[in-house]
Amino acid sequence: MGTWWSHHGDAVVSTAVGALATILISFIVFRYQRTFRRLSYSVIARQRLVPLMGYQEYSDLRIQFRSNPADEPWVVIREPWIVIVSIINTGRQDIGPTDIT
């Protein structure tokens, strides 16, 4: 056995190190692929701003956000609602501001 090891020991050690490195790298790649980003949402509340009956009384309703009107020519608001939405990160990676923009 001593002569066999002296002739093939380097090959056995390098094969074992290569196999171990392959398994380790495969595991790291597998874990990296499993870390994902995901947003989940749930509607907490929604409320109609204008009642179904008598909506003509609100024909002059204007909606604005930070002094910017939302009634631009390309925005048509026929039935305005207030909706409260909860957005939660359900993935394994953090979601930063640059991911949202």
Specify the residue that is modelled with the highest pLDDT; the eligible residues are those in the range 29-45 that are of a type in the set (D, E, K, R) and assigned to a helix (DSSP H, G or I). Arg31
I need a count of the residues in the range 23-49 that are out of contact with any strand residue (DSSP E or B) (no Cβ under 9 Å at 6 or more places or on another chain) and either of a type in the set (A, V, I, L, M, F, W, C) or open to solvent by 80 Å² or more (accessible area, probe 1.4 Å) (or both). 12
Screening Arg66, Arg92 for residues that are on the phi > 0 side of the Ramachandran plot and modelled with pLDDT under 85 leaves only Arg66
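The values are calculated or read from the model by the stated rules, or taken from the named source; none is laboratory data. Source: prediction; values computed, not measured. As a convention, Cβ positions derive from the backbone with ideal geometry for all residues, glycine included, and neighbour counts pool all protein chains shown. Each accessible area value is taken on the protein alone, full model and side chains, heavy atoms only, with ligands, DNA and RNA left out. Shrake-Rupley method; radii C 1.70, N 1.55, O 1.52, S 1.80 Å.
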